[in-house]
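Below is one structure, written out as structure tokens, with a few remarks after it.
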Amino acid sequence: MTPCESRSFLLFLFLLLVLFSFLSSLLYYSLDPKSYQQKWPTDVPQRNINILLWHWPFGHSYKLDGDKCLEMYNISRCFLTDDTSTFSTADVVVFHHEELSRGLSPLPLHLDRPASQHWVWMSLEPPVNNANLAQFNGLFNWTMSYRCDADISIPYGKTILGGDKLGFQAALNRSCFVSWVVSKYQPHQARAVVYQSLQTYIPIEVYGRWNKKPLSNKKLLPTIAKCLFYLSFENSKAKDYISEKLWRNAFQAGAIPVVLGPSRATYEALAPPGSFIHVDDFKNTADLAVYLKQVAADKQASEGYFQWHHTHQVKTYTDWRERLCQICVKYPSLPVSKVYQDLESWVNS
């Protein structure tokens with residue numbers, strides 16, 4: 001072998017060794033992605049999210065000064081404002097449907113909308129109360145609703161693990177059998193039909209603007225607490241629609257809820273175990289009335305509906321600021337390019 005051939009051979013061996021080393025490294029990182037990812041910094045800070053609430057739901061406003069999400073709910077880098085002049089710098093703009101549908105606060109279609117800005121359609125009402133949806137097709141990126149399948153789910157309440165070690169002490173010898181608080185009573189609604197029939201079998205104390213016996217927020221829970229049962233009747237049977245009638249009125253007052261709304265399966269998935277009586281479990285209101293009387297007469301049976309206090313708790317949501325802060329919690333996982341081309345179909349699904 002000549003010197004030139006020898007040098008060429010050595011160069012070939014060197015190049016072959018380099019290629020083998022490169023391929024080995026490539027194979028190693030492809031089989032163990034973590035080994036490659038560890039080469040990159042893992043403490044990259046999350047950027048701030050600026051949320052603009054275009055109008056307050058039902059005109060009830062809260063203070064947004066300072067860092068409310070961090071101060072009140074320990075959610076960092078999430079800033080809320082209702083200053084519409086900040087539209088051009090907002091990452092997310094939230095619109096409440098009630099004001100949109102009634103023309104009280106029109107969409108800012110006259111403004112230049114940043115390409116990266118996301119619009120949120122928000123409503124805590126069932127489909128029957130969400131009118132004039134077709135005009136909003138192709139405008140909203142995310143939905144914010146009590147529904148579990150909303151992009152940002154904001155239920156009226158939720159069940160969390162961890163009960164009271166002492167247990168809940170159910171009040172004995174209550175002065176009221178059943179109560180119901182209703183303001184927007186309409187005879188054609190399912191809840192009105194059930195009530196009219198049920199009240200022929202058992203005494204029901206009714207409060208609210210409908211019968212000119214309104215209750216202030218201060219008196220609401222103490223009044224319900226005097227009763228063993230509470231009619232947690234929703235104004236509409238809709239998917240996942242379980243309102244404050246269950247979470248606040250019944251659970252927080254310490255009454256056994258008699259529920260009318262979505263299916264038993266929906267309540268079982270969301271409410272504490274063994275905590276409610278479902279109207280649909282009975283052939284008629286006469287059978288329901290008989291059962292309520294039996295539970296009231298049997299201390300063990302009635303206390304059974306409060307056993308969940310040993311293992312679970314109920315959290316209610318009443319402050320819109322907490323709901324808005326949830327957008328930041330969900331933000332990293334929300335779809336970037338989603339648009340609701342047929343908002344009405346989703347709402348009514």
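List the pairs whose first member sits in the stretch 121-136 and is at positive phi, whose second member is part of a helix (DSSP H, G or I) and of a type in the set (S, T, N, Q), and whose Cβ atoms are under 8 Å apart, counting only residues at least 6 apart or on separate chains? Once the first residue is at positive phi and sits in the stretch 121-136, its partners that are part of a helix (DSSP H, G or I) and of a type in the set (S, T, N, Q) give Asn132/Ser101. When Pro108, Pro114, Pro155 are checked against the criterion of being assigned to a loop (DSSP other than H, G, I, E, B), under 30 Å from Ala301 (Cβ atoms) and modelled with pLDDT of 95 or more, Pro155 stands alone in meeting it.
Of all residues in the stretch 211-240, those satisfying the criterion of being assigned to a strand (DSSP E or B) and under 19 Å from Arg191 (Cβ atoms) are Lys213, Cys227, Phe229, Tyr230, Leu231, Ser232, Phe233. Take the conditions outside the structural domain of Asp149 (by TED's automatic domain parsing), over 21 Å from Val314 (Cβ atoms), among the basic types (Lys, Arg) and in a helix (DSSP H, G or I) and apply them to Lys293. Does it pass? Judged against the criteria, Lys293 is a match. The set of residues in the stretch 205-247 that are within 20 Å of Lys315 (Cβ to Cβ) and of a type in the set (S, T, N, Q) comprises Asn217, Ser232, Ser243.
Please state which one of Val259, Val279, Val206 is touching a His at 6+ places or on another chain (Cβ under 6 Å), surrounded by 13 or more Cβ atoms within 10 Å (Cβ to Cβ), closer than 22 Å to Gln186 by Cα and not assigned by TED's automatic domain parsing to the domain that holds Pro126. Of the residues listed, the single one that is touching a His at 6+ places or on another chain (Cβ under 6 Å), surrounded by 13 or more Cβ atoms within 10 Å (Cβ to Cβ), closer than 22 Å to Gln186 by Cα and not assigned by TED's automatic domain parsing to the domain that holds Pro126 is Val259. Being at positive phi, touching a residue at least 40 places away in the same chain (Cβ under 8 Å) and buried (at least 16 other Cβ atoms within 10 Å of the Cβ), is that true of even one residue in the stretch 233-245? Scanning the stretch 233-245, I find at least one residue that is at positive phi, touching a residue at least 40 places away in the same chain (Cβ under 8 Å) and buried (at least 16 other Cβ atoms within 10 Å of the Cβ), so the answer is yes. Of the candidates Ala296, Ala269, the single residue that is touching a residue at least 24 places away in the same chain (Cβ under 8 Å) and among the small types (Gly, Ala, Ser) is Ala296.
Would you say Ser88 is part of a loop (DSSP other than H, G, I, E, B) and not assigned by TED's automatic domain parsing to the domain that holds Ala271? It is false that Ser88 is part of a loop (DSSP other than H, G, I, E, B) and not assigned by TED's automatic domain parsing to the domain that holds Ala271. Scanning the stretch 296-331 for residues that are of a type in the set (Lys, Arg) and in a helix (DSSP H, G or I) returns Lys299, Arg321, Arg323, Lys330.
The values are calculated or read from the model by the stated rules, or taken from the named source; none is laboratory data. Here the structure is a predicted model, which means the values were calculated and not measured. When we count neighbours, we look across all protein chains shown, and the Cβ atoms used for this are built from the backbone with ideal geometry, even at glycine.
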